[in-house]
Amino acid sequence: MTIETQPEDTHVDNCLALGSIVSSNSHLDYTVEIYKETDRERAPQIDEREFGQPVFIQKSVSGEPYLVMGVIYNTQLVDPDQGRTGTRLAQSDQGQFTPGYIEERTTLAGVALLGTARVTEDGLLTDPSHELPRWTLEVDDIVCQCPDELTKTFHMNDEGDLQFAYADRILNVGGPLGSDVLLSIIGRLRSMIADTDKNQRVLDVVEQNITWQAHTDRGVIR
Amino acid sequence: MASPHRSGGDSMNDRSDVIGAVSGPGDNPNEFLFVTPEDQAVKTGEFITYTVTVEGESRDVFARVTNREQIRGLPDTFLADPAVAPETIAATLGVPHDDTDLYQLTAMVIGYYDTMMSTFANPRQLPQTGTPLRIAPAEQLEAVLPNLGVASTTADVAQFDGLAHTGWLLNRPAGEVDIRMPIDEFASTHLAILASTGSGKSYTGGVLIEEMMLPSSRAALLIFDPHGEYDTLSEMQTHSAFEGDDGYQPDVVYFDEDRLRIRISELELGDIMAILDNPSDRMQERLAGGWRAMQNKDSRTWGVDELVEQMYTMYGEDDSSVGGLEWRLRRSIQRNELFQPDANVPLDEIVAAGQCTVLNMETLDSRNQQLIATVLLRRIYRERLNAMRGRESDIECPVFALFEEGHRFAPGSGSAPSIGILRTITSEGRKFGFGIGIISQRPSKIDQDVLSQCGTQITMKIRNPTDQEAIKKSVEAAGEDVLRELPGLTPGQAVLSGDAMNTPALVQIRKRLTDHGAGSLSATEQWSETYDRQQSQPVRSEPADFGGGESTGFEEL
């Protein structure tokens, strides 16, 4: 399914870059270093790289352009200066005396892979698949913010029904926050479809199920 | 599901008709569990088979499915919104939902058909885990379910004579597994048709009557019909299905109440006592004396006059007890047209092979119905006894008597003159070729001795717990699994059990060839009709009174 509206906004090449991959914890679980002002002219704002933000990584396989879809399921702050209690040599106009460290405070984001999709010639998303992506991403691969329209296309099957066939994997990879990632995606999809859409009721039930299960797992309901 | 090689040597066989595989033993010694996928819609009550080697011989063991439980399926939480199908939720979450449901079924071993014993024998061993199970083939079921004594499970029972085609197995398509009960069996060891009102017990009675009157059986039938429900049976006399090659056509005779008579001398002292209004001890003593004296006389055509005269002769003209008795006898017996000094129902007119006699007792009160039945049964029993002992007899052939509203004739509580003879016939009648069929909607109100002697039972929908309890107590063949089915049956569905069956079976009763006469009245239809009729009739009106003095008030136009 291809979204025809506003192609310039949803063209995969025009999407905002959020960061680059620095390491991985498993085949499905990557760590991304979020860009700062020093890295990019247009660094992502705090609400553009929030928890539950769908992302994609462009990947060319056998000459074919593909998107590997993912979601930010965790974040972590890194401050190399933390715990350094030595004498401060810095002046007041200097953040820190050790220049190499000055901008080394970074935000890392955990990205869990959701599936794959092909890219059309118009730079749009098509043929979404929620199966486990077989390809491995690489360090320095750029992770882009996935616009709402693409997110919606990724979650629709040919019949126009919503699907989250990756739900079992995301609940597993996401660990304690897995259900919240799903709920966050559901929340985003809800705002993208009409209130009268038949899928709203499906979302209700799915959301209810996940919330209930999460509350049971966390001991709120026994 | 178990892999094919576990099933003991038949892995090379075609498994396309296998519906499931044994998963293990069940709770009780004759039970085993098996698992089937969703597409094998094996119903409870279905007959399945597996092969087992008994004493070196390969046997097809039959088992009945008694329970069905889902062991894998979509969670209940997917049903949160009735407007959203659970499959939609499953599809959304990527949960597999096509053909993923698994069912665990419980089956009760019936046994393999032992051709030597011509009944089921329990192999006393449960199938091994992984044993493939198949739906029992229709021809085999037709041969082995009813008690037909077939020599082989492949016998073509449709060709057999003397069978009552009652219906077909409920779990199979109509007509796939026809159930034919041996008429000899239920006509000699008695039959009970138990069902609540409106579930088709009279209809089933009608089906059996038809089967018994077919040219291949030509029964001597007597129907005690307190409601006049069997008036459509006369169609048998012209229906082509009942025509025999030799020109046979059943004779259907209706005996209305004006032909139903009891000769007073046929009554027994106990019957008279039951009719009389609260006689004193002295009166009973006087009556017993007089009655015995009358019975010792040669004449069998005496009436109340003669009896009273006899008592006055014995006890004196001024005996006050005889006076009281006279008043009571005249009131209860002489004024009742049922009792006659000489008239009687001629047995040779009501009992004959190929004749179905319907005693229409609609207008008689229940005491008279009981008395008629008592006297007739007693007489027929006596004749049958004579016939079997080689003495002269009016009834040369076996008789089957069917009692509609059987609880009236053999009530469990209170007294009924007919109960004694019914108990005698149900316990002894088999030897003398006198069978009884009891139709009733209140099994709990039937005398338990009579009910428990009915060897074959056709049980239809019964919800009343007291009635279910009565069936459980008095019907030997009614297992728990059969009783469980009773509340869920719909009209026309029945459990056949007892002597005529090798194992109980759930059956859809077949359509009657003749019309059914005992449907419920359509009250609303009749109300509208009556209303219309009233509207179209001339009405009474009151003309204006002009003071002329001639008005008579209401005047018919």
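Coordinate-derived values only; no laboratory data. Bear in mind that the values here come from a model prediction, so they are computed numbers and not experimental data. Here Cβ is always computed from backbone atoms with ideal geometry, including for glycine, and neighbour counts include all displayed protein chains.
What to note about this one:
- Extending 7 Å from Cα along the Cβ direction at B:Glu317 and again at A:Ile46 yields two label points whose distance is 13.3 nm.
- Helix axis angle, B:366-388 relative to chain B longest principal axis, alpha carbon, degrees: 80
- Residue mean of other protein chain beta carbons inside 10 Å, B:81-94: 6
- nm² value of the averaged projected area, convex hull over the Cα atoms of chain B: 43.0
- Working from label points 7 Å from Cα in the Cα-to-Cβ sense, the B:Ser58 to B:Gln535 distance is 7.5 nm.
- Using the Karplus relation 6.51 cos²θ - 1.76 cosθ + 1.60 with θ = phi - 60°, the per-residue 3J(HN,Hα) values for the range A:42-51 come to 10, 6, x, 6, 4, 7, 8, 9, 7, 4 Hz, with x marking Gly and Pro.
- Shape descriptor for the protein assembly as shown: Rg over Rh equals 1.25 (Cα atoms; Rh from the Kirkwood inverse mean 1/r).
- For the peptide A:199-211, the mean number of other protein chain Cβ atoms found within 10 angstrom of a residue's Cβ is 5.
- Look at the stretch B:73-80: the mean tally of other chain Cβ atoms within 10 Å of its residues' Cβ atoms is 3.
- Note on B:Arg134 and B:Glu176: the extension gain reaches 13.5 nm, defined as 0.36 nm multiplied by sequence separation minus the Cα-Cα distance.
- On full extension, the segment bounded by B:Arg124 and B:Ser413 gains 99.8 nm, given 0.36 nm per residue less the C-alpha separation.
- Peptides B:441-451, B:289-299, ordered by how many other C-beta atoms sit within 10 Å of their residues on average, highest first, read B:441-451, B:289-299.
- Degrees separating the helix B:523-536 axis from the principal Cα axis of chain B, which is the longest one: 50
- Cysteines without a disulfide-compatible partner [chain A; Cβ-Cβ under 4.7 Å]: A:Cys146
- Once you divide the Cα radius of gyration of the range B:4-136 by 2.2 N^0.38 Å, the number left is 1.26.
- Normalising the average separation of contacting C-alpha pairs (under 8 angstrom, six or more residues apart) by the number of residues puts the relative contact order of the range B:344-483 at 21 percent.
- Estimated 222 nm signal from helices in the protein assembly as shown, with DSSP H stretches of n ≥ 4 weighted -39500 (n - 2.57), rounded to 500: -8000 deg cm²/dmol
- For the range A:107-222, the square roots of the Cα gyration tensor eigenvalues, ordered a ≥ b ≥ c, give a/c of at least 1.5 with a/b no greater than b/c, which places it in the oblate category.
- Put simply, the amide H of B:Ile223, placed in the peptide plane, has neighbours under 5 Å in B:Thr357, B:Val358, B:Leu359, B:Leu402, leaving out anything fewer than 5 places away on its chain.
- Selection among B:Gly435, B:Val42, A:Gly83 by position relative to the dipole of the protein assembly as shown gives B:Gly435 as farthest towards the positive end (Cβ unit charges, Cα centre).
- Between 0 and 90°, nearest 10: helix A:199-217 axis offset from chain A longest Cα axis: 50
- By the count of neighbouring beta-carbon atoms within 10 Å, fewest first, B:Phe339, B:Phe224, B:Phe255 end up ordered B:Phe255, B:Phe339, B:Phe224.
- Among B:363-374, A:134-145, A:10-21, sorting by the average number of other beta carbon atoms lying within 10 angstrom of each residue, highest first, gives B:363-374, A:10-21, A:134-145.
- Charge dipole (debye, nearest 20) of the protein assembly as shown; +1 at Cβ of Lys and Arg, -1 at Cβ of Asp and Glu: 2840
- Partner lysines for A:Lys59 [C-alpha distance under 22 Å; skip if fewer than 8 residues away on the same chain]: A:Lys152
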